[in-house]
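J.: One structure, pasted below without further comment.
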Amino acid sequence: MILTLTPNPSVDRTVPVDALPRGAVIRSRRGRSEPSGKGVNVALALRSHGRSATAVLPVGGPVGAQLSQMLRLAGLPVREVPVRGGIRSNISLVEPDGTVTKVNEPGPELDAGETEALVCAVLDDLAGVSWLACCGSLPDGVPPDLYAGLAEAARSRGVRVAVDTSGEPLRASLAGRPDLVKPNTAELAHLVGRPLRTFGDVIDAARQVRRLGADAVLASLGADGALLVEAGGVRHAETRVARVVSAVGAGDAALAGFLYGGGAGMAALRTAVAWGAAAVQHEGTLFSAVDPAQTVLVSTEVDPGRPLRDPHVPASSPAPRPPAS
Ligand SMILES: Nc1ncnc2c1ncn2[C@@H]1O[C@H](COP(=O)(O)OP(=O)(O)O)[C@@H](O)[C@H]1O
Ligand SMILES: O=P(O)(O)OC[C@H]1O[C@](O)(COP(=O)(O)O)[C@@H](O)[C@@H]1O
């Protein structure tokens, strides 16, 4: 059984547009709403492939009620923690070439009691769990070390922990020594505070993240596939897709595939990349089926000089604000 935690879930609204002229009234011919948030997506993907998964999430407000109903219809076992604030809607505007403009709302602020209830819901559900996946951003009010504390608690009960988040919650999670972190290139570059331009840069960054506390790093590289850096060494996998429809949810699909594939080593990496490729060929956040004919190239021979198709240079620190007058 795999348990996922999504402290900041959402209903994802995907709206295809012909173009995106700023300031214009855009008429779209269709749109779709899906239950979402990273851990919700991971649980749904596992469940649709026959793996038992439960999602823990806060629920509040009208969007929360809609999310709750969507998850019931999807047949996903959930542990819902009632909160006073309203769950968010995140919007993806998808252009015909696959370019996505995404607006993620902040979500509700959780107070200390609601945060504690979320933690208790996870700890109460750990019996019989192989992996706990701590996924996504933390809403305001939740301390950045939430995932670190959960990782320590889960490990003490023999449960492995994967973390997929960004910014300070990702950095802080390393103190809890998670078994796996899954940053994309931007998240990894931000974490180590330097540009990632080549496969060698990613490997060096991932090794640094391992020294900081993660046992394994699954660095997802978009069109370049993924690099797995773990105690057993460095491995790379990639696949080509005919057309990218929308990359939203690809990272969640990759993490779900990795856990489905065993949570370590080549087979898990191969599944992660196959599931990520399935997701990018699908319009919404969720994806339906993985093409069994999709060829995934896997290798232990990684050229450190190979340039990334999508290099990332972290933004320099923002200039300090002038004092309020
Ligand atoms: N353009 C693409 N072509 C083929 N596979 C892709 C493409 N974009 C993403 N993927 C697959 O999806 C995985 C996750 O995508 P990525 O964009 O790195 O994650 P995130 O959504 O977290 O930013 C990648 O590791 C890769 O396997
Ligand atoms: O919690 P965050 O970081 O705001 O992310 C939430 C969003 O991430 C997603 O789960 C997609 O994530 P990926 O594209 O990284 O797979 C969306 O469906 C959701 O709206």
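The values are calculated or read from the model by the stated rules, or taken from the named source; none is laboratory data. Bear in mind the structure is a predicted one, so any value in this text is a computation, not a measurement. For neighbour counting, all protein chains shown are included, and Cβ atoms are generated from backbone atoms with ideal geometry for every residue, glycine included. Note: accessible area is taken over every heavy atom of the protein model, side chains too, but ligands, DNA and RNA are not part of it. Shrake-Rupley method; radii C 1.70, N 1.55, O 1.52, S 1.80 Å.
J.: How do ASP303, ASP164 rank by accessible surface area computed with a 1.4 Å probe, from largest to smallest?
T.: Descending order: ASP303, ASP164.
J.: Let me ask something else. To the nearest 10 Å², what's ASP124's accessible area with a 1.4 Å probe?
T.: Spelled out: ASP124, probe radius 1.4 Å, area about 100 Å².
J.: Modelled label-to-label distance, THR101 and VAL313, 7 Å Cα→beta-carbon offset: nm?
T.: 2.4
J.: Let me ask you something else. Run through every distinct alpha carbon pair of the chain and return the Kirkwood hydrodynamic radius in angstroms, one decimal place.
T.: Answer for the chain: a Kirkwood hydrodynamic radius of 20.0 Å.
J.: Taking all protein chains together and a probe of 1.4 Å, list HIS49, HIS190, HIS236 from the most accessible to the least accessible.
T.: HIS190, HIS49, HIS236
J.: In nm, to one decimal, how far is the ARG155 label point from the ALA19 one, both placed 7 Å along Cα→Cβ?
T.: Modelled inter-label distance: 5.4 nm.
J.: In nm, what is the difference between 0.36 nm times the number of residues separating GLN66 and ARG306 and their Cα-Cα distance?
T.: Residue separation times 0.36 nm, minus the Cα-Cα distance, leaves 81.9 nm.
J.: Order ARG243, ARG27, ARG235, most accessible first, counting only protein heavy atoms with a 1.4 angstrom probe.
T.: ARG27, ARG243, ARG235
J.: Using only protein heavy atoms and a 1.4 Å probe, report how much of ASP215 is accessible, in Å² to the nearest 10.
T.: 80
J.: Right, another one. Could you list, bin by bin from short to long, the percent of Cα-Cα pairs of segment 90-249 in 5 Å steps?
T.: 2, 8, 16, 18, 18, 16, 12, 7, 2, 0
J.: Report, to one decimal in Å, the Kirkwood hydrodynamic radius for segment 217-325 based on all distinct Cα pairs.
T.: 15.0 Å is the Kirkwood radius here.
J.: Another one. For segment 57-169, what ratio Rg/Rh do Cα atoms give with a Kirkwood hydrodynamic radius?
T.: 0.99
J.: Here is a further query. Could you bin all the Cα-Cα distances of segment 7-124 into 5 Å bins starting at 0 and give me the percent of pairs in each, rounded to whole numbers?
T.: 2, 11, 19, 20, 17, 13, 9, 5, 3, 0
J.: If I ignore ligands, DNA and RNA and count only protein heavy atoms, how much of GLU34 is accessible to a 1.4 Å probe, in Å² to the nearest 10?
T.: Using a 1.4 Å probe on the heavy atoms, I get roughly 10 Å².
J.: If I take every Cα pair under 8 Å that is 6 or more residues apart in segment 1-151, average their sequence separation and divide by the length, what percent do I get for the relative contact order?
T.: Dividing the mean separation by the residue count of segment 1-151 yields 33 percent.
J.: How big is the charge dipole of the chain about its Cα centre, in debye rounded to the nearest 20, if each Lys and Arg gets +1 on its Cβ and each Asp and Glu gets -1 on its Cβ?
T.: Its charge dipole is roughly 400 debye.
J.: Of SER246, SER299, SER220, which is the most mobile in a GNM of the chain whose springs link Cα atoms less than 10 angstrom apart?
T.: The residue with the greatest mean-square fluctuation here is SER299.
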